[in-house]
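Each value in this text was obtained by applying a stated rule to the coordinates, not by laboratory testing. Computed from a predicted model, the values in this text were never measured in an experiment.
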Amino acid sequence: MADPAEREWDELMRASLAGDEAAYRRLLARLTPSIRASVRRGLSRAGAPAAEVEDIVQETLLAIHLRRASWDPGLPLAPWVAAITRYKLVDSLRRRGRRGEVSIEPLVETLSAPAEERAAAHDVARALATLPRGQRSVVEALAVTGETITEAARRLSMSEGAVRVALHRGLAALAARFSKEER
Amino acid sequence: MRTDDLVRALAADGGRVRVPLGRRLAGAVAGTTLLVAVVYLPLHGLRTDIVTLDWSLRIAFKLAVPLAAAIAAGALALDLVRPGVPPRRRLAWLAVVAAVLAVGAVAELAVLPTSEWWPRMVGRNALRCLATVPFLSALPLAAALAVLSRGAPLSPAAAGASAGLAAGAAGALVYALVCPDDSPLFLALWYGIAVAAITGLGALAGRRFLRW
């Protein structure tokens with residue numbers, strides 16, 4: 001039933017949960033294009049602008065990361081990823097619908113269909129700006145600047161443990177910004 | 001922010017999960033229930049016939065039903081925070097527990113003379129049961145919700161209700177060790193009302209706290 005690529009996801013996630021960092025990096029890299037494709041399909045079916053693909057992909061990745069304990073290692077990973085993606089897609093459409101953005105944008109879509117892989121999403125960046133300074137600088141160091149934990153710790157004169165804690169709290173706070181927004 | 005950048009930050013945070021969610025939930029509910037029992041029971045007098053294992057069938061029934069309900073509802077709550085898992089099989093467990101309770105109540109009606117139905121159902125301490133069970137369930141409910149907030153419920157209210165049912169049943173189990181009324185009729189009615197109230201509270205709390 002499950003194709004080999006998806007079975008490989010299961011293996012990678014099992015290794016990730018056991019603490020294999022390389023496996024986790026590889027898994028996230030594999031999941032991203034697949035999530036992007038299904039978000040794009042979902043948006044076009046809903047008649048929503050494709051410009052928001054990357055925002056939803058990022059929210060989905062954050063949710064997958066923070067809620068990975070909710071995957072049952074006895075079951076295939078793909079349906080779990082699909083269910084989270086769908087939930088985030090619907091949630092995002094609802095949120096944007098309430099803001100009244102969906103109705104105006106189909107016009108824009110045809111004008112600027114960006115290469116999504118390159119496109120920067122705005123929601124996460126905007127949420128990042130509202131984080132406490134310590135968390136924000138750590139998240140930025142690791143994400144945008146691409147520093148390792150060791151490098152970030154040295155530059156910010158923090159211990160590596162403190163960097164890890166700030167990173168984790170920062171990511172959780174980012175995700176929380178979305179679930180609290182406009183409800 | 002570019003998605004690659006976000007992925008880098010997620011990877012740096014790492015994928016390790018030290019304690020599986022199911023074990024965490026079982027530990028949280030069992031642990032807080034034990035804590036509540038240790039504080040409550042000495043204050044309110046654990047029944048001596050229960051301590052000496054001098055159990056009638058009715059006592060065994062009133063302990064077994066809440067225990068089974070707590071386990072079934074906890075398992076259901078766990079499925080409800082796992083996206084992509086159909087909750088059907090765990091709902092069946094819960095239906096079995098409800099059916100057993102119904103059979104017990106009907107059997108009680110069958111063995112008792114009609115004149116005894118009402119006194120057994122109302123018992124001696126209905127109000128105390130109604131007041132105490134929610135009180136004993138509060139901490140297990142909070143603990144269950146805290147664990148479930150790591151999950152991803154497609155319906156936060158349903159997951160919260162299931163957590164409420166598990167916590168309510170756990171609280172009912174503790175109260176059953178003190179409660180002087182052993183009839184399945186009393187169990188079905190008063191424990192039932194108290195546990196239903198916690199279930200409703202759990203649903204409200206789930207909607208508020210399990211959102212993601």
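Relative to the compact-globule scaling 2.2 N^0.38 Å, provide the ratio for the alpha-carbon radius of gyration of the range B:32-73.
1.29
What percent do you get for the relative contact order of the range B:23-132 when only Cα pairs under 8 Å and 6+ apart count?
Value for the range B:23-132: 20 percent.
Rg and Dmax in Å for the range B:1-42, alpha carbons only: what are they?
Taking only Cα atoms of the range B:1-42, I get Rg and Dmax of 19.0, 59 Å.
Pairs of Cα atoms under 8 Å, at least six residues apart: use those to get the relative contact order of the range B:144-203, whole percent.
Relative contact order comes out at 56 percent.
If I take every Cα pair under 8 Å that is 6 or more residues apart in chain B, average their sequence separation and divide by the length, what percent do I get for the relative contact order?
31
At 222 nm, what helix-only mean residue ellipticity would chain B give, in deg cm²/dmol to the nearest 500, using -39500 (n - 2.57) for each DSSP H run of four or more? The partial results should precede the final answer.
On the way: 9 runs with 158 residues, N = 212.
Rounded to the nearest 500, it is -25000 deg cm²/dmol.
Relative to 2.2 N^0.38 Å, what does the C-alpha radius of gyration of the range B:92-145 come to as a ratio? Two decimals please.
That works out to 1.53 for the range B:92-145.
Taking 0.36 nm per residue of separation and subtracting the Cα-Cα distance, what length does fully extending residue B:103 through residue B:89 add?
2.9 nm
Please state, rounded to one decimal and in Å, the Kirkwood hydrodynamic radius that the range B:88-212 gives when every pair of distinct Cα atoms enters the mean of 1/r. Numbers along the way, then the final one.
Details: mean 1/r = 0.0654 Å⁻¹.
Roughly 15.3 Å, rounded to one decimal.
So what is the diffusion coefficient of the protein assembly as shown in µm² per second by Stokes-Einstein at 10 °C and 1.306 mPa s, using a Kirkwood Rh over Cα pairs?
Approximately 68 µm²/s, per Stokes-Einstein.
In whole Å, what are the extents of chain B along the principal axes defined by its C-alpha atoms, from largest to smallest?
Cα extents, longest axis first: 75, 35, 26 Å.
Report the Stokes-Einstein translational diffusion coefficient (µm² s⁻¹, integer) for the range A:3-72, Rh taken as the Kirkwood radius over Cα pairs, at 37 °C with viscosity 0.692 mPa s.
It comes out at roughly 252 µm²/s.
Hey, got the Cα dimensions of the range B:1-84 along the principal axes, in Å, largest first?
On the principal axes, the range B:1-84 reaches 66, 29, 18 Å in Cα extent.
When the chain is fully extended, how far beyond the present Cα-Cα distance does residue B:208 get from residue B:138, taking 0.36 nm per residue of separation?
Result: 23.6 nm gained on full extension.
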